[in-house]
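**Q** Okay, here's the structure, questions in a sec.
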Amino acid sequence: MSYKGYSALAGVYDLFNAELDYESWANFIEAAFDRFLQRRPQILLDLACGTGRMTKILSGRGYDMIGVDGSAEMLAKAAENCGYDPRILYLLQDMRSFELYGTVGAVISCLDSVNYLIKEEDLGACFSLVHNYLDPDGLFLFDVNTPHKFETIYGDEAYLFDGELTEGEKRIPVFCAWQNHYVKKSRICTFDLSVFYGDERGNYRREDETQKERCYTREELESALQKAGFEVLGVFGGFDFSAPAKNAERIYFAARAKK
Ligand SMILES: C[S@@+](CC[C@H](N)C(=O)[O-])C[C@H]1O[C@@H](n2cnc3c(N)ncnc32)[C@H](O)[C@@H]1O
């Protein structure tokens, strides 16, 4: 099983998400450790770690990190972002079939990576593997985009992005056209993306890709967690552990591996 995605987008991914506050997110993750674990975990798996922004922060806070992602292009960016860091091991693997060398104290998966599991059996396979590689009572933290977000925010919207990448002294113009298509019946959202990378002579190289996310309800996710051997500890609307609002766009799950 292998994942093919995020090849065109990897180059602009961090630019797109520049405003995301991963330091506050890492504070939330550590607050969840304090709240739900008996002791601070030493080894963490960052599942679908992407360009490694969270992996890097948590390594800086003293954890030994394993970053798994299915996109070689995203992992190449992660390696660039993190430089040589003996605390981080990156593995190019699919989250539906990954293998680790041993168990970990906690698994985190940030920024709706779980929505990329588009079949129910993929979700089940991934959750079972997470359970398998967690220490007894280990913690699984992840977030998803909500049905409200798929139906009313993503919908059939189109976006254009015009920006600039910097590589040392070099400035690279980038332009991205992004079209969503959400089908309520199948609950699959398709994102068609074209990224145009410019060069110093004003020429542009076009790269296209299609991504898909699946919309899951809170109840479906709770049931898949229980089926995989987890106890659901909480579902939150934000980093303050508050209950999700009715129109929340992202919700956060905390689950304990029962063994
Ligand atoms: C929205 S990004 C999130 C990345 C990172 N967690 C972050 O916070 O920026 C989703 C990530 O999931 C990865 N991904 C999607 N499906 C995957 C799969 N089946 N196996 C492994 N990685 C996958 C993509 O390559 C991408 O890096």
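**Q** Just checking, which of 219, 209, 169 is more than 30 Å from residue 106 (Cβ to Cβ) and exposed (fewer than 13 other Cβ atoms within 10 Å of the Cβ)?
**A** Only one candidate passes the filter, namely 169.
**Q** Does residue 73 fit the bill of being within 15 Å of the ligand (Cβ to nearest atom), surrounded by fewer than 13 Cβ atoms within 10 Å (Cβ to Cβ) and modelled with pLDDT of 95 or more?
**A** Numbers: within 15 Å of the ligand (Cβ to nearest atom): yes; surrounded by fewer than 13 Cβ atoms within 10 Å (Cβ to Cβ): no; modelled with pLDDT of 95 or more: yes.
In short, no.
**Q** Okay, moving on. All but one of (1) part of a loop (DSSP other than H, G, I, E, B); (2) more than 8 Å from the ligand (Cβ to nearest atom); (3) touching a residue at least 60 places away in the same chain (Cβ under 8 Å) hold for residue 101; which doesn't?
**A** Evaluating residue 101 over (1) part of a loop (DSSP other than H, G, I, E, B); (2) more than 8 Å from the ligand (Cβ to nearest atom); (3) touching a residue at least 60 places away in the same chain (Cβ under 8 Å) leaves (3) as the failure.
**Q** Given the residues 120, 169, which is the only one that is modelled with pLDDT of 95 or more and not aliphatic (A, V, I, L, M)?
**A** 120
**Q** Continuing with this model, one more query. Among the numbered conditions (1) under 30 Å from residue 13 (Cα atoms); (2) without any contact (Cβ under 8 Å) to a residue 60 or more places away in the chain; (3) within 21 Å of the chain's Cα centre (by Cα), tell me where residue 211 comes up short.
**A** Single failed check for residue 211: (2).
**Q** Can you spot a residue in the stretch 16-36 that is part of a loop (DSSP other than H, G, I, E, B) and basic (Lys, Arg)?
**A** No.
**Q** Pairs only if they're at least six apart or on different chains, beta carbon under 7 angstrom, first in the stretch 130-151 and farther than 30 Å from residue 190 by Cα, second among the charged types (D, E, K, R); list them, first residue then second.
**A** Going by the 7 Å Cβ cut-off, the qualifying pairs are 136/259; 137/256; 139/256.
**Q** Report, by residue number, each residue of the stretch 34-57 that is touching a residue at least 40 places away in the same chain (Cβ under 8 Å) and crowded, with 22+ Cβ neighbours inside 10 Å.
**A** 44, 45, 46, 47, 48, 49, 50, 51, 54
**Q** Where in the stretch 149-255 are there strands (runs of 3 or more DSSP E), lying wholly inside it, with at least 2 residues that are of a type in the set (Phe, Trp, Tyr)?
**A** Counting at least 2 such residues, we get 158-167, 170-183, 188-198, 230-236.
**Q** For the stretch 81-90, state whether one or more residues are within 13 Å of the ligand (Cβ to nearest atom), surrounded by fewer than 18 Cβ atoms within 10 Å (Cβ to Cβ) and in contact (Cβ under 8 Å) with a residue 24 or more places away in the chain.
**A** Yes; the residues of the stretch 81-90 include at least one that is within 13 Å of the ligand (Cβ to nearest atom), surrounded by fewer than 18 Cβ atoms within 10 Å (Cβ to Cβ) and in contact (Cβ under 8 Å) with a residue 24 or more places away in the chain.
The values are calculated or read from the model by the stated rules, or taken from the named source; none is laboratory data. Please read all numbers here as calculations on a predicted model, not as lab measurements. We place every Cβ from the backbone using ideal geometry, glycine too, and count neighbours over all the protein chains shown.
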